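Okay, so here's the structure we're looking at.
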Amino acid sequence: MGCADGIPVLRLQGTPGSRLNRHPKPQVWARLGVRVIMADRPGYGASTRMPGRGLASVAEDLVELLDHLGLDRVPVTGLSGGGPHVLALGAGHPQRISAATVVVGAAPLTDAELPLLIGVNAEGERRLREGGWHALYPLLRELRDKVLADPLAGFRAALSDAPAEDQAVMSDPAWQQTLRQSLTESLRAGAEGWCDEALALYNWDIAPEQVRVHVVWYHSRHDANVPLPAAQRMVDRLPSAELRLWDGGHLETFHREEQLMRDLLARAESG
């Protein structure tokens, strides 16, 4: 996506998501002259499931993808559930990253942070803690059925208690069109891949201290999907990282894609 002969950028989508999870206004990418590379993670869209997979195995997949495309080092950005996968790539294959950005990245939570979550995420976290994959799967299967029946209504119902800033983004027609395409594709094979990924994001198989690239982490002060204290704790554990804050909710990146991409490209060029 973007410019076929542009600067390659590896972009890791959130959870659940697919390779179709582009920015709602892709003319931003064309204006910047970037070629945005995206891929389905295991169990989503056209990718087969990998039960029990972690973060590190996806990093291995991404390296194979870069090899296949003949790319050595690229700027990498990851949104929400894609964020930990950026860190996994930075831990296992730092030589393939020219610059790294995490945007509202997922992070492990403490008990005190559960009340800060939107309801569906809090319920999912409780189920994971109490019964693991088998406790979480019925919830995600039900959500998946509702989303496929009506992607926009299903998603908005799940995020009905999200901050006002997120509600405003969800009312944008361009955002809604992209959401329909991405969610329908990501969940068409079932909810198993979503559940696998939730477990991988809960039980990290890498340590933040292993990440060997500098990370710029953007986060929202009012994020109810990943509370700010969890992000701050993760940034503090990274060997080289900078936390940059903005106002808004989890979907704030909708307004800031060009800013994020320009910063990533500038760091890749200077590095």
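To the nearest 20 Debye, how big is the dipole of the chain about its Cα centre, given +1 on the beta carbon of each Lys and Arg and -1 on that of each Asp and Glu?
380 debye
Measuring from centroid to centroid over Cα atoms, what is the spacing of the stretch 215-253 and the stretch 36-76 in Å?
Their Cα centres are 24 Å away from one another.
Using only the alpha carbons of the stretch 11-146, what is the convex hull's orientation-averaged projected area in square nanometres?
The Cα convex hull of the stretch 11-146, projected and averaged over all directions, gives 9.6 nm².
What's the FRET efficiency of Gln232 with Arg212 using the Cβ-Cβ distance as r and R₀ = 30 Å, to the nearest 0.05?
Values: r = 21 Å, r/R0 = 0.70.
About 0.90, to the nearest 0.05.
Quick one, which of (i) 74, 40, 34; (ii) 45, 39, 37; (iii) 78, 49, 32 is the actual Cα extents along the principal axes in Å calculated for this model?
Evaluating Cα extents along the principal axes in Å on these atoms matches (ii).
Which FRET efficiency value, to the nearest 0.05, is calculated for Gln27 and Gln259 with the Förster distance at 22 angstrom and r the Cβ-Cβ distance?
With a Förster radius of 22 Å, E is 0.90.
Please list, in chain and number order, the residues 5+ apart from Arg244 or on another chain whose amide H is under 5 Å from its amide H, with Hs placed from the backbone.
HN-HN under 5 Å from Arg244: Trp217, Tyr218, His219.
Let me have the 222 nm mean residue ellipticity of the chain computed from DSSP H runs of 4+ only, each contributing -39500 (n - 2.57), with the sum over all residues rounded to the nearest 500.
On the way: 10 runs with 125 residues, N = 271.
Result for the chain, helices only: -14500 deg cm²/dmol.
Might you tell me the accessible area per residue for the chain, computed with a 1.4 Å probe and given in Å²?
Normalised by residue count, the accessible surface of the chain is 41 Å².
Among Thr178, Gly124, Pro84, flag the residue with its Cα farthest along the positive direction of the charge dipole of the stretch 75-206, charges on Cβ as +1 for Lys/Arg and -1 for Asp/Glu.
Checking the options against the dipole of the stretch 75-206, the answer is Thr178.
Using protein chains only and a probe of 1.4 angstrom, how many square angstrom of Asp61 are accessible, to the nearest 10?
Its accessible surface works out to 70 Å², give or take rounding.
How big is the dipole moment of the stretch 144-271 about its Cα centre under a simple scheme where the beta carbon of each Lys and Arg is +1, that of each Asp and Glu is -1, and everything else is neutral? Debye, nearest 20, please.
The dipole magnitude comes to about 80 debye.
In the stretch 56-188, carbon and sulfur make up what percent of the accessible area (probe 1.4 Å)? Write out the running numbers ahead of the final one.
Details: 2870 of 5440 Å².
Heavy-atom surface of the stretch 56-188 belonging to carbon and sulfur, 1.4 Å probe: 53 percent.
Tell me, what does the Kirkwood hydrodynamic radius of the stretch 44-103 come to in angstroms if you use every pair of distinct C-alpha atoms?
11.9 Å
Report, in debye and to the nearest 20, how large the dipole of the stretch 131-183 comes out about its Cα centre when Lys and Arg carry +1 and Asp and Glu carry -1 on their Cβ.
That gives a dipole near 240 debye.
Taking only the alpha-carbon positions of the stretch 156-266 and ignoring solvent, what does the Debye formula give for the base-10 log of I(q)/I(0) at q = 0.24 Å⁻¹?
Log10 of I(q)/I(0), two decimals: -1.34.
Add +1 for every Lys or Arg and -1 for every Asp or Glu among the other residues with Cβ under 12 Å from the Cβ of Pro42, and state the total.
Local net charge: -3.
The values are calculated or read from the model by the stated rules, or taken from the named source; none is laboratory data. These numbers come from a predicted model, not from an experiment. Cβ coordinates were reconstructed from backbone atoms using ideal geometry, including for glycine residues, and neighbour counts include every protein chain displayed. For the accessible areas, the whole protein counts, side chains as well, though only heavy atoms, and no ligand, DNA or RNA atoms are used. Shrake-Rupley method; radii C 1.70, N 1.55, O 1.52, S 1.80 Å.
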